[in-house]
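*Asks:* Here it is, the structure, as structure tokens.
The values are calculated or read from the model by the stated rules, or taken from the named source; none is laboratory data. Given the structure is predicted, the values throughout are model-derived calculations rather than measurements. Cβ atoms come from the backbone with ideal geometry, glycine included; neighbour counts cover every protein chain shown. These area figures cover heavy atoms from the full protein model, side chains too; ligands, DNA and RNA do not enter into them. Shrake-Rupley method; radii C 1.70, N 1.55, O 1.52, S 1.80 Å.
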Amino acid sequence: MTSLPPNPWGDRRRVRVGLLGGSFNPAHAGHRHIAELALKLLCLDEVWLLVSPQNPLKPVAGMAPLPERLASARAVAAGNRRLRVSALETRLGTTYTADTIAGLKIRFPTTRFVWLMGADNLAQMQRWARWDRIFAAVPVAILARGPYSARMLATKAAHRFQYCRSGAEGARSLCAKAPPAWVFLHIRRHPASSTAIRGQNRSKT
């Protein structure tokens, strides 16, 4: 049972969608763990795993080809039709998350999007291009991720948008909130790591 990727030309479905972007180099069970918890805790209809052609903050060296990373994401999402895998950024011609979200809102005008990200990404979000536009465009859900979670409130993004943070009890209605709006979700940590998997693969060669 494999779900189809989102229509690259868009549609007008009235659905609640979580966007989980990343390199997925490779995708692993931790990504599925986050996606399925987001479906439940945020009352989403779908989560889209957006496989980035090339994260501008990560080196090209060591980055697996896009088809390989897409295949790993599809394998991780297999069996859950509400998890949809796509490389929509290649169709949109975007590199930065803020531009990707803007493009998706044009192509999917009746979809309610929520940006999903780990606490580790929030810790360095000020390095992202036009990062504040992400908060201005869609609600954001931050998911606990190991040691980064404890430092979450000290980040520049958390300080800037402290006034519009909802408590965990507001997670189920996050999609309906006008941005900026965000929530921090305390979730059970999953041990899987793309970095560790790549290290294991190198040791086998």
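*Asks:* Under a straight-distance cross-link criterion of Cα-Cα below 15 Å, which aspartates and glutamates are reachable from Lys58, leaving out those fewer than 8 residues away in the same chain?
*Replies:* Within reach: Asp120.
*Asks:* When only the heavy atoms of the protein chains count and the probe is 1.4 Å, how do Arg81, Arg12 rank by accessible area, highest first?
*Replies:* Descending accessible area places them as Arg12, Arg81.
*Asks:* While we're looking at this one, here's another question. So how exposed is Ile106, as accessible area in Å² (1.4 Å probe, rounded to 10)?
*Replies:* Here the residue's solvent-accessible area equals roughly 130 Å².
*Asks:* Quick check on the chain: helices-only [θ] at 222 nm, where DSSP H runs of length 4 and up contribute -39,500 (n - 2.57) each and the sum goes over total residues. Nearest 500, please. Could you put the intermediate results ahead of the total?
*Replies:* Working: 8 runs with 69 residues, N = 205.
Rounded to the nearest 500, the figure is -9500 deg cm²/dmol.
*Asks:* In debye, nearest 20, what is the charge dipole magnitude of the chain about its Cα centre with +1 on Lys and Arg Cβ and -1 on Asp and Glu Cβ, if you could check?
*Replies:* Rounded to the nearest 20 debye, it is 120 debye.
*Asks:* Taking a temperature of 25 °C and a viscosity of 0.890 mPa s, what whole-number D in µm²/s does Stokes-Einstein yield for the stretch 38-85 with Rh from Kirkwood over alpha carbon pairs?
*Replies:* 201
*Asks:* Right, something else. Taking Cα pairs under 8 Å and at least six residues apart, what relative contact order does the chain come out at, in percent?
*Replies:* 25
*Asks:* Once the convex hull of the C-alpha atoms of the chain is built, how many Å³ does it hold per residue, rounded to a whole number?
*Replies:* In the chain, the Cα hull volume divided by residue count equals 119 Å³.
*Asks:* Can I ask one more? So if we plug the beta-carbon distance of Gln124 and Arg12 into 1/(1 + (r/R0)^6) with R0 = 41 Å, what FRET efficiency do we get, rounded to 0.05? Kindly include the intermediate steps, with their values, before the conclusion.
*Replies:* Values: r = 36 Å, r/R0 = 0.87.
With a Förster radius of 41 Å, E is 0.70.
*Asks:* From largest accessible area down, sort Ile134, Ile34; use a 1.4 Å probe on the protein chains.
*Replies:* The ordering from most to least exposed comes out as Ile34, Ile134.
*Asks:* Can I ask one more? Considering Cα pairs under 8 angstrom that are at least six residues apart, work out the relative contact order of the stretch 83-185 and quote it in whole percent.
*Replies:* 29 percent.
*Asks:* Sort Arg172, Arg16 by heavy-atom solvent-accessible area, probe 1.4 angstrom, most to least.
*Replies:* The most accessible residue leads, giving Arg172, Arg16.
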